[in-house]
There are 2 protein chains.
Amino acid sequence: MLIGLIIIGGEAIMSYKGLNLRKEVKKVIHLVLHAIALILGIIGIYAAFKYHNESAIVNLYSLHSWLGIAVISLYGIQWLYGFVIFFYPGGSTGLRSESLPWHVLFGLFVYILAVANAAIGFLEKLTFLENSGLAKYGSEALLVNFTAVITILYGAFVIFSVASQGPAEDDYSYSAI
Amino acid sequence: MLIGLIIIGGEAIMSYKGLNLRKEVKKVIHLVLHAIALILGIIGIYAAFKYHNESAIVNLYSLHSWLGIAVISLYGIQWLYGFVIFFYPGGSTGLRSESLPWHVLFGLFVYILAVANAAIGFLEKLTFLENSGLAKYGSEALLVNFTAVITILYGAFVIFSVASQGPAEDDYSYSAI
């Protein structure tokens, strides 16, 4: 779920803003990366349920699980809306331009929620381990906490990349030197 | 810490964008509300250390505590920078206009981090209680989880209010009907 929703999902967001390619090419990269992120997220959730069921742990009681279901549902809705309106078959010009800022805002909301939920997941898992005897200041605990901090910083830079000015729109991707 | 950093901090953010008052008045409201939020946050952190020390629980081992120290430090730096540059004595016009977008961006980053850390704190405390025998689907557990969900939704609406168009700048706060 970290590799999918956070890392590849973040690259999907940054690719649309940062790459200096034709709009149609960037759209394909954007939606394919998000599709990979979504599929990896779904596999991650499936694995969590499978682990719970095989270990006789109850499902869907924690905030992490609730937010995880919210993230994957909203991510899927956002992907479907983007595909239908901006890619194929594509909405009217008015609908596209009206809904683009909402696509960006809602997408950032879902991404931030995913990053926050990743941090919650790191803390939850580590708390379970520490309750089972893992040293609170041991190297494993520090590794988990620093991974969470780096995840948050990665998420912050993804957001900053969206807030920044991208390269000029260039529908032909050619410039004389 | 919820009432201070999240609720009053959120109102401080929304007040600057949403109130239809003179800029100088809005600045005072903005910085006073943020000062209250900061002070309540510091009291909350003091209370956490006091509780830990009196209960013989070690300090600063969890992600929640690390992020909490980061949030309160960044919140303080952000408040001081805003006070010195935008209020008193005030920076040059160039510095103000150059750093205003960064003030907004950094402020939103710190606020989102505070909201995320509140959610982490809810989950951490509830996990401790559940490890001590609290029912995982009991009404107390649901209450904590729903409070966390509402906190996240409140934070999201604060961010949306900043992303939206505010009322027109009006330095004289008077308009004929």
ask   = For chain A, modelled as a Gaussian network with Cα springs under 10 Å, which listed residue fluctuates most, A:Leu31, A:Leu143, A:Leu74?
value = A:Leu143
remark   = In nanometres, the difference between 0.36 nm per residue of separation and the alpha-carbon distance of B:Ile42 and B:Ile3 is 12.8 nm
ask   = How far is B:Tyr51 from the same spot in each other copy, in nm, shortest first, if each label point sits 7 Å from Cα toward Cβ?
value = 2.8
ask   = From the phi of every residue in the range B:22-30, what ³J(HN,Hα) in whole Hz does the Karplus formula 6.51 cos²θ - 1.76 cosθ + 1.60 yield, where θ is phi - 60° and glycine or proline is x?
value = 5, 3, 5, 5, 4, 4, 5, 4, 4
note = Measuring from its Cα centre, chain B shows a charge dipole (+1 at each Lys and Arg Cβ, -1 at each Asp and Glu Cβ) which, in debye to the nearest 20, is 100
key: Estimated distance in nm for a label pair at B:Leu74 and A:Ile57, the labels positioned 7 Å out from Cα along Cα-to-Cβ   = 2.9
key: Heavy atoms of A:Met14: accessible area, 1.4 Å probe, square angstrom to 10   = 60
query = Nearest 10 degrees, 0 to 90: what angle lies between the long axis of helix A:9-18 and the longest principal axis of chain A (Cα atoms)?
reply = 30
request  = Write down the Kirkwood hydrodynamic radius of the range B:49-142, to one decimal in angstroms, obtained as one divided by the mean of 1/r over all alpha carbon pairs.
outcome  = 16.0
inquiry  = What's the magnitude of the charge dipole for the protein assembly as shown around its Cα centre, counting Lys and Arg as +1 and Asp and Glu as -1 at the beta-carbon? Answer in Debye, nearest 20.
reply    = 140
inquiry  = Compute a Gaussian network model of chain B, connecting alpha carbons closer than 10 Å, and tell me which residue from B:Asn145, B:Asn117, B:Asn131 fluctuates the most.
reply    = B:Asn131
query = Where the label is 7 Å out from Cα toward Cβ, how close does A:Ile7 come to the same position in every other copy, in nm, shortest first?
reply = 4.1
inquiry  = Let me test this: with uniform point scatterers at the alpha carbons of the protein assembly as shown, what is the Debye-based log₁₀ I(q)/I(0) at q = 0.07, 0.10 1/Å?
reply    = -0.35, -0.71
ask   = So what is the 222 nm mean residue ellipticity for chain A from helices alone, if each DSSP H run of at least 4 adds -39500 (n - 2.57) and you divide by all residues, rounding to the nearest 500 deg cm²/dmol?
value = -25500 deg cm²/dmol
remark   = Expressed to two decimals, the range B:1-163 has a Cα Rg over Rh, using the Kirkwood radius, of 1.03
message = Assuming a strict under-27 Å limit between Cα atoms, what lysine pair count do you get for chain B once near-sequence pairs (fewer than 8 apart, same chain) are dropped?
response = 4
query = Highest GNM mean-square fluctuation, chain B, Cα pairs closer than 10 Å: which of B:Ser161, B:Ser97, B:Ser73?
reply = B:Ser97
remark   = One residue of chain B has its C-beta nearest the axis rotating B onto A; that residue and its distance in whole Å are B:Ala116, 2
ask   = Which whole-number percent is the relative contact order of chain A (Cα, under 8 Å, 6+ apart)?
value = 34
task = List the distances, in nm and shortest first, from the label point of B:Ser139 to the matching label points in every other copy, placing each point 7 Å from Cα along the Cα-to-Cβ direction.
result = 4.9
key: Accessible solvent surface per residue of chain A, calculated while the other protein chains remain in place, 1.4 angstrom probe, Å²   = 55
message = I need the phi-derived Karplus couplings for the range A:71-82: 6.51 cos²θ - 1.76 cosθ + 1.60, θ = phi - 60°, integer Hz, Gly and Pro marked x.
response = 4, 5, 5, 5, 4, x, 4, 4, 5, 4, 4, x
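The values are calculated or read from the model by the stated rules, or taken from the named source; none is laboratory data. What you are looking at is a predicted structure, and each value in this text was computed from that prediction instead of being measured. Note that each Cβ is placed from the backbone with ideal geometry, even for glycine, and that neighbours are counted across all protein chains shown. Ligands, DNA and RNA are stripped out before the accessible areas are found, and what is left, the full protein with its side chains, is counted by its heavy atoms. Shrake-Rupley method; radii C 1.70, N 1.55, O 1.52, S 1.80 Å.
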